[in-house]
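Trainee: Have a look at the structure that comes next, please.
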Amino acid sequence: MELKYGSTSFDLDLPPDRLAGVISPSVPLPAESPEEIITRALDACQATISAFRPGDKVVIVTSDITRYTASEIYLPLLVERLNRQGIPDRDIEILIALGIHRKQSEHEHEKIVGPLCKRIRVMDHDCDNPAALVVVGRTSSGIEVSVNRRAREADRLILTGVIGFHYFAGFGGGRKSLLPGIAGRQACMASHFSVLNPEPGSGRNPLATTGNLSGNPVHQAMVEACAMAPPAFILNTVLSPDKRIMAAFCGHWREAHEAGCRFYGEHFSFPLPARADLVVVSCGGFPRDINLIQAHKSMEYASQALKDGGVMILLAECRDGFGNATFFNWFRHRDLDEFEAALRQRYEINGQTAYSMLVKARRFRIILVSNFPEHQVEQMGMMAAHSLDEAFSRAEGLLSGDWRALVMPEGGSVLPVVA
């Protein structure tokens, strides 16, 4: 069995008596081509697109390089549809929803927009530039929401992205392209802070979890924010594990997104009779393992299949390091209560991800196969390995008796659900 790691892979050969199963979505590929799927989705939204007029200034929001969305396929088809409405290229701008991520390189812009490179203006969102932001309102929980000024002042705003599981917002896509995608840093931080229960020391809200929107406080904050600067419509893709477009949802920003989430949940949940002693998980290769913050998603999903005290081998190259300069600093807190208190005092999204990672490192025994030096991996509460063979050697020393393993070749794409 081949397990992806960055742009390469490792071969896994487990004896049949040790293999409890392979956790992988069973997703039949559609007969239509990716272009046909996008075209059909746009056709279903044509009544809304027909309201666009020559002279309209249009901003299209799309994801950065850390989230592959097939944008190089759907953006040209979307722009072509706008051109048909009499909107020329010069009146269209593509805005990269960085949230609090780093700016993109010129090469990364080229990969994101594909054939539109040097044809349509492409801009990175800047969450820290007050002049580039405008306040649009306040949520019911008191979050002041500021968003990208160019997006707010456009005649027509379109959100695009990909729908997938998110470990505390329930699902990605839809409203998330606005908050945190093109919001100010303070709003990003405050919305993500909703993942914690209000009372100090009470930990994470149990409804802020993977695959759940109902009662999810993080999702609610994002929905309220999106309603303050509502887009004309959204276009979201659903991708197969090999990154092929298998479905697209186009229409009202909330209704189309919820339909896409239902579709994704049905196809990418994996029922399990029981948890295992060992879980071997690959993020699915680049870009899903581009950095540790992105790789954490696979760690979160894999933890749902692992017994307390069990061993996880996580394959995550992390060629971009941690994914944010402040992430590793949070691991100066080794005690979880101390960590939570520090997080409540000075909340950071990266701190929340670091906290969630340390919770799992304390609950399980995690072996990380990555580019990180051993001392950094140990500081994060995990064990380091530089190959799958080395990781297995360490794992076998931690396991006893008739242990059995579950394998997740596409850990960032499938959610184990134990009956």
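The values are calculated or read from the model by the stated rules, or taken from the named source; none is laboratory data. This structure is a prediction, so every number in the text was calculated from the model and none was measured. Neighbour counts run over all protein chains shown; Cβ positions are idealised from the backbone, glycine included.
Trainee: Counting only residues that are over 28 Å from the mean Cα position of the chain (by Cα) and either hydroxyl-bearing (Ser, Thr, Tyr) or in a loop (DSSP other than H, G, I, E, B) (or both), how many does region 78-102 have?
Mentor: The qualifying residues number 4.
Trainee: State yes or no: is Leu3 farther than 18 Å from Phe233 by Cβ, among the hydrophobic types (A, V, I, L, M, F, W, C) and assigned to a loop (DSSP other than H, G, I, E, B)?
Mentor: Here the answer is no, as Leu3 does not meet what is asked.
Each row is one residue, and each column tells you yes or no for (1) within 20 Å of Phe286 (Cβ to Cβ); (2) of a type in the set (Ser, Thr, Tyr); (3) in contact with a helix residue (DSSP H, G or I) (Cβ under 9 Å, 6 or more places away or on another chain); (4) surrounded by 14 or more Cβ atoms within 10 Å (Cβ to Cβ).
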| residue | (1), (2), (3), (4) |
| --- | --- |
| Phe331 | no, no, yes, yes |
| Asp337 | no, no, no, no |
| Asn350 | no, no, yes, yes |
| Thr353 | yes, yes, yes, yes |
| Lys360 | no, no, yes, yes |
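Trainee: Further question on the same structure: Of all the residues that make up region 1-39, how many are closer than 26 Å to Asp289 by Cα, exposed (fewer than 15 other Cβ atoms within 10 Å of the Cβ), among the small types (Gly, Ala, Ser) and modelled with pLDDT of 90 or more?
Mentor: 1
Trainee: Might you let me know whether region 279-302 holds any residue that is in a helix (DSSP H, G or I), in the same structural domain as Asp17 (by TED's automatic domain parsing), crowded, with 20+ Cβ neighbours inside 10 Å and among the acidic types (Asp, Glu)?
Mentor: yes
Trainee: Okay, moving on. Being in contact with a strand residue (DSSP E or B) (Cβ under 9 Å, 6 or more places away or on another chain), assigned to a helix (DSSP H, G or I) and farther than 14 Å from Lys297 by Cα is the filter here, so list the residues in region 360-382 that pass it. Give the derivation first.
Mentor: Taking region 360-382 as the starting set, the residues that turn out to be in contact with a strand residue (DSSP E or B) (Cβ under 9 Å, 6 or more places away or on another chain) are 360, 363-370, 372-378, 380-382.
Then keep just the ones that are assigned to a helix (DSSP H, G or I); that gives 360, 363, 374-378.
Hits for region 360-382 are Arg363, Glu374, His375, Gln376, Val377, Glu378.
Trainee: Continuing with this model, one more query. Given the structure, is Ser240 surrounded by fewer than 19 Cβ atoms within 10 Å (Cβ to Cβ) and without any contact (Cβ under 8 Å) to a residue 40 or more places away in the chain?
Mentor: No: the conditions fail for Ser240.
Trainee: So, of the residues in region 40-50 that are of a type in the set (Gly, Ala, Ser) and surrounded by 12 or more Cβ atoms within 10 Å (Cβ to Cβ), which turns out to be farthest from Phe392 (Cα to Cα)?
Mentor: Of everything passing the filter in region 40-50, Ala44 is farthest from Phe392 (Cα to Cα).
Trainee: Still on this structure, please answer the following. Right, Ser303: of a type in the set (Gly, Ala, Ser) and under 18 Å from Ile367 (Cβ atoms) or not?
Mentor: Considered against the rule, which asks whether it is of a type in the set (Gly, Ala, Ser) and under 18 Å from Ile367 (Cβ atoms), Ser303 comes out as yes.
Trainee: Condition (residue is among the charged types (D, E, K, R), outside any loop (DSSP other than H, G, I, E, B) and within 25 Å of Asp13 (Cα to Cα)) applied to region 251-267: is it met by at least one residue?
Mentor: no
Trainee: In region 24-69, which residues are of a type in the set (A, V, I, L, M, F, W, C), within 21 Å of Ile120 (Cα to Cα), in a loop (DSSP other than H, G, I, E, B) and under 25 Å from the mean Cα position of the chain (by Cα)?
Mentor: Result: Ile65, single match.
Trainee: Also: What is the one condition in (1) at negative phi; (2) at pLDDT 95 or above; (3) in a loop (DSSP other than H, G, I, E, B) that Ala227 does not satisfy?
Mentor: For Ala227, the exception is condition (3).
Trainee: Looking for whichever is under 30 Å from Arg53 (Cα atoms), among the charged types (D, E, K, R) and free of Cβ contacts under 8 Å to residues at least 12 places away in the same chain here; the options are Glu266, Glu224, Glu255. Which one fits?
Mentor: Among Glu266, Glu224, Glu255, only Glu255 is under 30 Å from Arg53 (Cα atoms), among the charged types (D, E, K, R) and free of Cβ contacts under 8 Å to residues at least 12 places away in the same chain.
Trainee: Among the residues of region 303-340, what is the count of those that are within 19 Å of His166 (Cα to Cα) and part of a helix (DSSP H, G or I)?
Mentor: 1
Trainee: Could you please find all residues in region 317-374 being over 27 Å from Lys4 (Cβ atoms) and touching a Ser or Thr at 6+ places or on another chain (Cβ under 7 Å)?
Mentor: Scanning region 317-374 gives a single hit, Glu348.
Trainee: I would also like to ask the following. If you take the residues of region 318-329 that are at pLDDT 95 or above and surrounded by fewer than 19 Cβ atoms within 10 Å (Cβ to Cβ), which of them is farthest from the chain's Cα centre (by Cα)?
Mentor: Among residues in region 318-329 that are at pLDDT 95 or above and surrounded by fewer than 19 Cβ atoms within 10 Å (Cβ to Cβ), the one farthest from the chain's Cα centre (by Cα) is Asn329.
Trainee: Working only within region 99-133, note down all residues that are surrounded by fewer than 21 Cβ atoms within 10 Å (Cβ to Cβ), within 26 Å of Thr326 (Cβ to Cβ) and among the aliphatic types (A, V, I, L, M).
Mentor: Hits for region 99-133 are Ile100, Met123, Ala131, Ala132.
Trainee: Return a yes/no flag: does region 365-385 have any residue that is aliphatic (A, V, I, L, M), in contact with an Asp or Glu (Cβ under 9 Å, 6 or more places away or on another chain), in the same structural domain as Phe10 (by TED's automatic domain parsing) and closer than 30 Å to Thr237 by Cβ.
Mentor: Within region 365-385, one or more residues are aliphatic (A, V, I, L, M), in contact with an Asp or Glu (Cβ under 9 Å, 6 or more places away or on another chain), in the same structural domain as Phe10 (by TED's automatic domain parsing) and closer than 30 Å to Thr237 by Cβ.
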